[in-house]
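To start, the structure under review is shown below, and the notes come after it.
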Amino acid sequence: MAINEIGPMLTATEVADMLHLHVNTVKRLGDRGELPFYRVCKRGDRRFRLDDVMKFLSTNR
């Protein structure tokens, strides 16, 4: 997948602010497979695709 196909990426904190959740809840959703994420850099930081977050939001209202 090319970088231009991935779309905008958000941090766990940005997703938490967007969904009005605690950052740990966002990470837990990712760990459970409910909200897909990618690991980046050596530390393994999480990045969430904006499209995936919007899809999650529309299916979990």
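Look through the stretch 25-50, keep the residues that are among the charged types (D, E, K, R) and surrounded by 14 or more Cβ atoms within 10 Å (Cβ to Cβ), and return whichever of them is farthest from Glu5 (Cα to Cα).
Restricting to residues being among the charged types (D, E, K, R) and surrounded by 14 or more Cβ atoms within 10 Å (Cβ to Cβ), the top hit is Lys27.
Hey, any hits in the stretch 33-40 for a residue that's among the basic types (Lys, Arg) and at pLDDT below 95?
Scanning the stretch 33-40 turns up at least one residue that is among the basic types (Lys, Arg) and at pLDDT below 95.
Restricting the stretch 5-24 to residues that are farther than 14 Å from Met54 by Cβ and exposed (fewer than 13 other Cβ atoms within 10 Å of the Cβ), which is nearest to the chain's Cα centre (by Cα)?
If we take residues in the stretch 5-24 being farther than 14 Å from Met54 by Cβ and exposed (fewer than 13 other Cβ atoms within 10 Å of the Cβ), then Thr13 is nearest to the chain's Cα centre (by Cα).
The values are calculated or read from the model by the stated rules, or taken from the named source; none is laboratory data. Because the structure is a prediction, the values reported are computed rather than measured. Cβ sites come from the backbone with ideal geometry, for glycine too, and all protein chains shown count toward neighbours.
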